[in-house]
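Shown next, in structure tokens, is the structure this report addresses.
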Amino acid sequence: MLQRYLQSTTMRVEEMRVKRTDAERWMSHRMLPEELRVRVRRYQQYKWQLTRGVEEENLLQSLPKDLRRDITR
């Protein structure tokens, strides 16, 4: 169980790293001013700290309706 948790965490960290790299490339390609780049980076960091890479909406949507209903209560 611990190994599965660590693998999952490692995968989420890697996914976040890829997203960050993609965002940096996109910002460079679009020649965004540095102030906007900083804001994008801050938002990405905030979102990571908030969710640790777990997309709650996607997770909830993949569950059966009755289970989603019970969780939202």
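The values are calculated or read from the model by the stated rules, or taken from the named source; none is laboratory data. Keep in mind the model is a prediction, meaning the values are calculated, not measured. In this analysis, Cβ positions are derived from the backbone assuming ideal geometry, glycine residues included, and neighbour counts consider all displayed protein chains. Heads up: the accessible areas ignore ligands, DNA and RNA and are worked out on the full protein's heavy atoms, side chains in. Shrake-Rupley method; radii C 1.70, N 1.55, O 1.52, S 1.80 Å.
What part of the accessible area of the chain, given as a whole %, is carbon or sulfur when the probe is 1.4 angstrom?
Roughly 56 percent of what the probe reaches on the chain is carbon or sulfur.
Go through [x] 14.5; [y] 13.1; [z] 12.6 and flag the label whose value is the computed Kirkwood radius over Cα pairs in Å for this structure.
[x]
I need the trypsin sites (Lys or Arg not before Pro) found in the stretch 1-37, filtered to DSSP loop residues with at most 10 other beta carbons within 10 Å of theirs.
Qualifying residues, ordered by number: R30.
Which angle between 0 and 90 degrees, to the nearest 10, do you get for helix 2-29 versus the longest principal axis of the chain when only C-alpha atoms count?
In the chain, helix 2-29 runs at an angle near 30 degrees to the longest axis.
Hey, can you find the accessible area per residue of the chain for me, probe 1.4 Å, expressed in square angstrom?
Value returned for the chain: 92 Å² of accessible area per residue.
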